[in-house]
1. Between residue 121 and residue 50, what is the label-to-label distance in nm when each label sits 7 Å out along the Cα-to-Cβ direction?
2. Quickly rank 104-112, 155-163 as a protection proxy: mean count of other C-beta atoms within 10 Å, highest first.
3. Using a simple spin-label model with points 7 Å from Cα along the Cα→Cβ vector, what separation in nm is obtained for residue 142 and residue 86?
4. Arrange 180, 186 by Cβ neighbour counts within 10 Å, fewest through most, would you?
5. Would you list 56, 154 from fewest to most Cβ contacts within 10 Å?
6. Stretch residue 155-residue 105 to full length: gain in nm at 0.36 nm per residue minus the Cα-Cα span?
7. Give me the extension gain from residue 128 to residue 178: residue separation times 0.36 nm, minus the current Cα-Cα distance, reported in nm with one decimal.
8. With a 10 Å Cβ neighbour count serving as the proxy for reagent exposure, in which order, fewest first, do 91, 113 appear?
């Protein structure tokens, strides 16, 4: 990959740290393969996480621009997914992915003692970091988990990766769409950029 973004588009191109969404749109309008688009998106995400950029110029294009050779993903309404989910773990799964922004493996590896929802700044512990939980999610998530009557060491969901994918797919079928954990999390990711880390 060139050091400058879009060298093949306009001469010397633009430094990755200086490229904007317009540069990304121009890049996507060319005859590129999906792998190249994914690699560029990864570079911008890494630059933001490392502190070299304040923003990710690719984020506004994830739903608005279709990647070459890839079918557009469904636009997910999280509230509709919550209404379609069955009470219990299915509802908790939709909350964790769609509202709290956890990734699939983060959700299946979550134990009850990793949830800290009682304070003024609710968060979940994922690995070695604390990830903030939106305040409007705390009460519902806390109530749903309490209703599961689990012990602190228990897994919150207790499902395998395959089982969670099947559960989310069944929620999508209730709404008439093909739904994956990534689709469910995408509105949160677009809004937040990357999962927030609590102080």
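1. If labels sit at residue 121 and residue 50, their model points lie 2.8 nm apart.
2. 104-112, 155-163
3. So the label points at residue 142 and residue 86 sit 2.8 nm apart.
4. Placing the least packed residue first, the sequence is 180, 186.
5. Values: 56 20, 154 13.
Ordered by Cβ neighbours within 10 Å, fewest first: 154, 56.
6. On the way: separation 50, 0.36 × 50 = 18.00 nm, distance 1.23 nm.
Separation in residues times 0.36 nm, less the Cα-Cα distance, equals 16.8 nm.
7. On the way: separation 50, 0.36 × 50 = 18.00 nm, distance 3.32 nm.
Length gained between residue 128 and residue 178: 14.7 nm.
8. By the 10 Å Cβ count, ascending, the order reads 113, 91.
FYI, it's all coordinate maths here, none of it is from the lab. Keep in mind the model is a prediction, meaning the values are calculated, not measured. Quick reminder, even Gly has a Cβ in these numbers, built from the backbone with ideal geometry, and neighbours come from all protein chains shown.
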